[in-house]
Amino acid sequence: KRHAQTTTKYVELIIVADNREVSRGQTSHHPLHLPFYRALNIRVALVGLEVWSDVDKCPITQDPFTTLHEFLDWRKVKLLPQKPHDNAQLISGVYFQGTTIGMAPIMSMCTAEQSGGIVMDHSDNPLGAAVTLAHELGHNFGMNHDTPERGCGCREGERGHNYGYYYSCL
């Protein structure tokens, strides 16, 4: 029996940019460099980029729960039959209500119904959306939030999130 971390696993990812994100001109600035998955022997392969330049293909609202539900339904019915993949993440230019900047179902990787998430493009720094996307992928893999009691909490610096510290936690 092989140890899970000695077997390289691949995730085929599709990123979807909604119409508001395209209007902001942000789609080409999102790096997909997820080095912290390397320690888990997981490789993320970008197999598609869907850009909604004219209209959104599912309802995108300020309610993150509704947006996630609508996006995952659209993925299952329209995107998955058209382009096989393991996971899809929506990057949205819509500002979600409250403090939510991303949302994804836990333990849903590779399921037809729920393998995906939504990410609000919440920062002028493109690393912000990239880190949030990686965070939501972590939820899809079954990872929960770290707590200070577990010895790993993500601190926010005076200029926003300390991404270097975040990477060292994972």
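The values are calculated or read from the model by the stated rules, or taken from the named source; none is laboratory data. Fair warning: this is a prediction, and the values are worked out from it, not measured in the lab. With ideal geometry, Cβ positions are generated from the backbone for all residues, glycine too; neighbour counts draw on all protein chains shown.
Data for the structure
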{"quantity": "Test: residue in the stretch 25-34 that is of a type in the set (S, T, N, Q), outside any loop (DSSP other than H, G, I, E, B), exposed (fewer than 15 other Cβ atoms within 10 Å of the Cβ) and modelled with pLDDT under 95", "calculated": "yes"}
{"quantity": "Residues of the stretch 116-130 satisfying the condition of being of a type outside the set (Gly, Ala, Ser) and over 8 Å from the mean Cα position of the chain (by Cα)", "calculated": "120, 121, 122, 124, 125, 126, 127"}
{"quantity": "Residue check for residue 68: in a helix (DSSP H, G or I) and touching a residue at least 60 places away in the same chain (Cβ under 8 Å)", "calculated": "no"}
{"quantity": "Test for residue 94: is it at pLDDT 95 or above, part of a loop (DSSP other than H, G, I, E, B) and closer than 17 Å to residue 17 by Cβ", "calculated": "yes"}
{"quantity": "Tally, over the stretch 1-24, of residues that are over 16 Å from residue 120 (Cα atoms), among the basic types (Lys, Arg) and modelled with pLDDT of 85 or more", "calculated": "1"}
{"quantity": "Given (1) at pLDDT below 95; (2) farther than 16 Å from residue 46 by Cβ, number of the condition residue 68 does not satisfy", "calculated": "(1)"}
{"quantity": "Leading residue by the ranking (nearest to the chain's Cα centre (by Cα)) among those in the stretch 5-20 that are in a strand (DSSP E or B) and closer than 13 Å to residue 71 by Cα", "calculated": "15"}
